[in-house]
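Q: This is the structure, below, for whatever I ask next.
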Amino acid sequence: MDHTTRRYNGPPGQEDMPYLLTPGPLTTSQGVKAAMLADWGSRDVEFRKVVADIRNGLLAMAGADETYECVIMQGSGTFAIEAALGAFCPSGEAKTLVVANGAYGDRAAKILEKIGRPVVKIDKGDSAAPTPEEVGAALDADPAITHVWVIHCETTSGIVNPVTDIAKVVKGRGRRFMVDAMSSFGALPLDMRDGLDVMVSSSNKCIEGVPGFSYVLVKRHMLEMSKGRSHSVVLDLYEQWKGLEANGQFRFTPPTHALVAFHQAMKEHAEEGGVEARGNRYARNADLLVKGMRDIGFSTLLNDNEAGPIIQTFLTPRDPNFDFEHFYESLRMRGFAIYPGKLTKRPSFRIGTIGKVDETVMNGVLAAIRAVLGEMNVTDLSPLGA
Ligand SMILES: Cc1ncc(COP(=O)(O)O)c(C=O)c1O
């Protein structure tokens, strides 16, 4: 298929491409796209200043004081996750507890197994929230657990886990606390000083950059202690940090265009009003979408008090005329790319409410959904398998 000849029919602003209503890559601003129309030399002073600004800006956004460092890693979010797990999680008798309630918790546990670091799991299935009490009980029952890994927004369902309450029980018991804030950082409040030793996120989420790199915010003394611990050469966080500190350069080719785009995205994030304003826009998107979908007849997986403003999971309707691939493709041709479900038990699909999108786009996708359901002759929207 030649996408260059396509004519999508969504609201204006995204030229001839559909809005990405996904957890990323997501729709970016014209300013972010325009920032990539230049070729920067990775050794040059201007580029090194961009990298330094990004590292300092991320620390400031996370409320991190001078005891923290920011290390940027080439690659998608999972690269920084594997780098952090390999740098900080123990081997031998000590263990890491992964608090899992979806695919990203499962993936962290899988990485630890693969790299030979002892791991135990609290497994809440697809979408139940872990409580601080059960994390506390797991730590009390097993003194060999020295590190805890939690997902902030589990993008599998969109649920927002109570990380700051879990941080209290973890730090109260003298353990290390590590957070995957991939899909939340920049939109949901998160302060490193609330007991976070490590936080990981990436370029193409709520700060609204393009894919290409991920980053780890971490207590400096943990980084110092991680020398020689990594299972990998390219993912060695300590060596990456040392390289950046020595001359402001990456050890290996950096994604220059993604970095300058992110620099611009950080400026636009500040101009919008920072984390609070970004989160408020996403919350308006989510409220409008969920209300509109419920008016049409769809059911959400989560209750309103569990679902964050990042991505919304809708249960597949039982009507035999509903076919997800048809639904997806017809919406895409109208200018909106949605996202398949990732639940292991219930058929579902997801619609992201992050990226450079607003009420006009949400109203647009709702109108398109109504039209496509009419076209498919879908009338029974009660959930399949309920
Ligand atoms: C919470 C969370 N963790 C990890 C990842 C993995 O990131 P990537 O696909 O960029 O490797 C994602 C991706 O959406 C995510 O939402």
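Each reported figure results from applying straightforward, stated rules to the coordinates on display, with no laboratory input. For clarity, every value in this text was computed on a predicted model and none was experimentally measured. Glycine gets a Cβ as well: all are built from the backbone with ideal geometry, and neighbour counts include every protein chain shown.
Q: Using a Förster distance of 41 Å, how high is the FRET efficiency between Ala52 and Arg318, based on the Cβ-Cβ distance and rounded to 0.05?
A: Working: r = 55 Å, r/R0 = 1.33.
According to the calculation, E is roughly 0.15.
Q: Work out the charge dipole of the chain with +1 on the Cβ of Lys and Arg and -1 on the Cβ of Asp and Glu about the Cα centre, then indicate which of Gly77, Val210, Phe250 is farthest towards its positive end.
A: Towards the positive end, the residue furthest out is Phe250.
Q: Which of Trp241, Ala367, Gln30 sits closest to the plus end of the dipole of the chain, meaning its Cα is farthest towards the positive end, when Lys and Arg get +1 and Asp and Glu get -1 on the C-beta?
A: The residue sitting farthest along the positive end of the dipole is Trp241.
Q: Determine the gain in length on full extension of the stretch Ser232-Ala277; use 0.36 nm per residue of separation and subtract their C-alpha separation, reporting nm with one decimal.
A: 12.3 nm
Q: Okay, moving on. Multiplying the sequence separation of Arg193 and Met333 by 0.36 nm and subtracting their Cα-Cα distance, what value in nm do you get?
A: Numbers: separation 140, 0.36 × 140 = 50.40 nm, distance 4.55 nm.
Result: 45.9 nm gained on full extension.
Q: Now, a different point. Just to be sure I understand the model, the point goes 7 Å from the Cα along the line to the Cβ. What's the resulting Arg43 to Met17 distance in nm?
A: Each label point lies 7 Å from its Cα, and together they span 3.2 nm.
Q: Quick check: pseudo-label points 7 Å beyond the Cα along Cα→Cβ at Glu375 and His326, how many nm apart are they?
A: Going from the Glu375 label point to the His326 one covers 1.1 nm.
Q: Give the peptides 248-261, 93-106 in descending order of average Cβ contacts within 10 Å, highest first.
A: 93-106, 248-261
Q: Nothing charged except the Cβ atoms of Lys and Arg (+1) and of Asp and Glu (-1): what's the magnitude of the dipole of the range 108-149 about its Cα centre? Round to the nearest 20 debye.
A: 300 debye
Q: If each residue of separation counts as 0.36 nm, what is the full-extension length gain between Lys110 and Gln249 once their alpha-carbon separation is subtracted?
A: 46.9 nm
Q: What distance in nm separates the simple spin-label points at Glu306 and Thr164, each placed 7 Å from Cα in the Cβ direction?
A: Simple spin-label model gives 2.2 nm for this pair.
Q: May I ask what percent, to the nearest 5, of DSSP beta bridges between residues of the range 31-269 are antiparallel?
A: 40 percent
Q: Rounded to the nearest 0.05, what FRET efficiency do Met225 and Ala34 have when you use their Cβ-Cβ distance and R0 = 41 Å?
A: The calculated FRET efficiency here is 0.45.
Q: Another question about this same structure. What size of dipole, in debye to the nearest 20, comes out for the range 31-269 about its Cα centre when the only charges are +1 on Lys and Arg C-beta atoms and -1 on Asp and Glu C-beta atoms?
A: Details: 26 positive and 29 negative charges, 86 e Å.
It comes to approximately 420 debye.
Q: Okay, moving on. What value, in deg cm²/dmol to 500, does the helix sum -39500 (n - 2.57) over DSSP H runs of n ≥ 4 give at 222 nm once divided by the residues of the chain?
A: -12500 deg cm²/dmol
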